[in-house]
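Working notes, beginning with the structure itself.
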Amino acid sequence: MTTTDLVTGRITSFRREQAFGLITLDDGTPVKFDAGICTMVPEEGAAVRIRVGPAKWGGGLKALYVEAVDAGPIVIVTGSGSGRAKPRSLEDQLAAVQREHLVSGLSEQIFGELCAERFGGRPEAGTIVELLDAYYTGDPARARSDGYLRRVTEGLPPVSDDVLAELAALLPDAKLPQQVRWSGRDGASGPRDESQVETMPYEKADGAALGGALGGALGGALGEGELDGALGGALGAALVVRDADGSERSISVGSLDDVIAVANAALRRASDGRRIYKLQTGGAWQGYFAIASERALQLASTLPFTPPPADVF
């Protein structure tokens with residue numbers, strides 16, 4: 001018996017000193033559980049919802065996730081009678097992510113190995129983003145399946161990278177623009193039809209104003225290709241993309257996030273319910289999830305998206 005949905009039961013025994021107990025489901029099925037996968041403090045008699053899977057040792061079933069039926073924030077009462085929410089454990093955060101069918105292959109064994117390798121065997125020393133990144137780095141196929149993109153870059157991506165193509169692989173059937181070439185950057189090359197390229201920033205008011213100023217000041221002296229390069233030099237770089245109708249446009253790009261914004265704008269225009277959401281990593285690398293907006297909203301209380309999913313709609 002393995003379930004992806006939550007089933008209900010009651011804690012019928014719990015050995016606090018061993019952090020181990022037994023839950024009896026509503027149909028009478030006994031299920032083992034460890035306190036470490038509970039989102040609340042286990043107490044005998046408590047009604048719970050759990051996700052069930054086969055036990056690896058000793059046979060039978062074990063709980064993969066346990067929450068109280070009336071699940072709410074865990075409150076620690078202080079001496080003054082006030083309370084504060086207990087920080088969620090890394091195991092609890094992982095369970096919340098797995099409820100949205102992400103990192104489903106991150107088993108207890110892999111979790112333990114990653115914690116030992118990355119956090120010195122102390123889960124509390126790590127963050128959920130660091131854990132997910134460590135897992136996906138070791139399993140690129142699962143990263144693609146879950147829509148996870150990782151980049152070790154600050155500012156503009158290398159000219160050899162085709163981020164839009166990578167995003168298209170993470171978002172099957174998405175109507176994303178295709179990268180044609182970078183302009184205004186050494187080593188950039190690619191096919192183009194000069195007559196179809198419109199040199200203008202893409203959905204960026206400040207860039208549009210600067211582009212217009214450059215066009216007015218230099219348009220008479222520079223050809224279209226030269227103006228494209230001048231615009232790229234002034235704004236960081238220009239990325240030429242081809243839309244689904246075959247037309248090309250030049251987009252002002254100052255960082256990888258601008259390329260992500262291009263993809264999100266295309267998804268929005270196509271009424272696609274998916275978006276690319278950036279994670280706050282706190283390091284010299286960047287991480288993104290390309291997922292349905294509903295899932296991102298569900299994950300917003302667990303994953304540090306920046307900006308929040310509601311702002312990306």
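The values are calculated or read from the model by the stated rules, or taken from the named source; none is laboratory data. For clarity, every value in this text was computed on a predicted model and none was experimentally measured. Neighbour counts are summed over all protein chains in view; Cβ atoms, including those assigned to glycine, are modelled from backbone coordinates with ideal geometry. Just so you know, the surface numbers come from the protein's heavy atoms only, side chains and all, with ligands and any DNA or RNA stripped out. Shrake-Rupley method; radii C 1.70, N 1.55, O 1.52, S 1.80 Å.
If the condition is being among the acidic types (Asp, Glu) and touching a residue at least 24 places away in the same chain (Cβ under 8 Å), then region 109-129 contributes only GLU124. If the condition is being of a type in the set (A, V, I, L, M, F, W, C) and either part of a strand (DSSP E or B) or buried (at least 16 other Cβ atoms within 10 Å of the Cβ) (or both), then region 148-178 contributes LEU149, LEU156, VAL159, VAL163, LEU164, LEU167, ALA168, LEU170, LEU171, ALA174, LEU176. Residue count for region 35-89 satisfying the condition of being of a type in the set (A, V, I, L, M, F, W, C), assigned to a strand (DSSP E or B), open to solvent by 60 Å² or more (accessible area, probe 1.4 Å) and modelled with pLDDT of 65 or more: 1.
What residue, among those in region 269-291 that are of a type in the set (D, E, K, R) and part of a strand (DSSP E or B), is farthest from ARG150 (Cα to Cα)?
The selected residue is ARG274.
Screening the candidates ALA266, ALA310 for the property of being open to solvent by less than 20 Å² (accessible area, probe 1.4 Å) and either assigned to a helix (DSSP H, G or I) or in contact (Cβ under 8 Å) with a residue 12 or more places away in the chain (or both) yields one hit, ALA266. Condition check for ASP92 on (1) at pLDDT 90 or above; (2) in a helix (DSSP H, G or I): one failure, at (1).
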